[in-house]
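No lab work stands behind these numbers, since they all come straight from the coordinates. Quick caveat, the model's predicted, so the values are computed rather than measured. A quick note on method: Cβ atoms are made from the backbone with ideal geometry, for glycine too, and the neighbour counts reach across all protein chains shown.
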Amino acid sequence: MTDKEFVDFATVRDRLLEAIERRGEISYEQTMALQHAEWKASASGHPSGKIKTDPAVYSSLFVALMENEKLKQYPEVSSKIAELSPLTVSDLRVIIASKRIAMDTSEIEEVITVIRQHVL
């Protein structure tokens, strides 16, 4: 698959909270990252305002997205899609445009169906 590890904001939040428990404190930069991760992992951090990030959902969605023929060569895009969980064609097009992945509307709708199966 890939030699890189992709994680969601909820995992970042959890790992930073574990670091606080172990060490008693974290750096200023880590504190800022924790605040951002807490917000992004909450429902208010999602563009729809309805989806709260969950590491298990992120992982299963990432695996499902990596099964898509056009997405499997771009694990970083699959990770971003799993994290943001776009629910509209236009929102998904913005993400895949970063790598110029050519998908027609029906293919994008199939990806959105996979996202809905995992997050809703």
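Site-free segments of the chain were taken between GluC sites (Glu not before Pro) in DSSP loops having at most 15 other Cβ atoms within 10 Å, sites themselves excluded; the longest one is 70-120. In terms of its Cα atoms, segment 55-119 spans 28, 21, 17 Å along the principal axes, sorted from long to short. Helix 75-84 and the long axis of the chain differ in direction by around 70°, with both axes built from C-alpha atoms.
What you get for segment 55-119, charging only the Cβ of Lys and Arg (+1) and of Asp and Glu (-1), is a dipole of about 180 debye around the Cα centre.
Fewest-first ordering of R15, R100, R23 by other beta carbons within 10 Å of each residue's beta carbon gives R100, R23, R15.
As an equivalent ellipsoid, the chain spans semi-axes of 28, 15, 12 angstrom, where each value is the square root of five times an eigenvalue of the C-alpha gyration tensor, largest first.
Overall, the chain carries a charge dipole of about 180 debye about its Cα centre when +1 sits on the Cβ of Lys and Arg and -1 on the Cβ of Asp and Glu, all other atoms neutral.
Taking 0.36 nm per residue of sequence separation and removing the Cα-Cα distance, the E76/E38 pair yields an extension gain of 11.5 nm.
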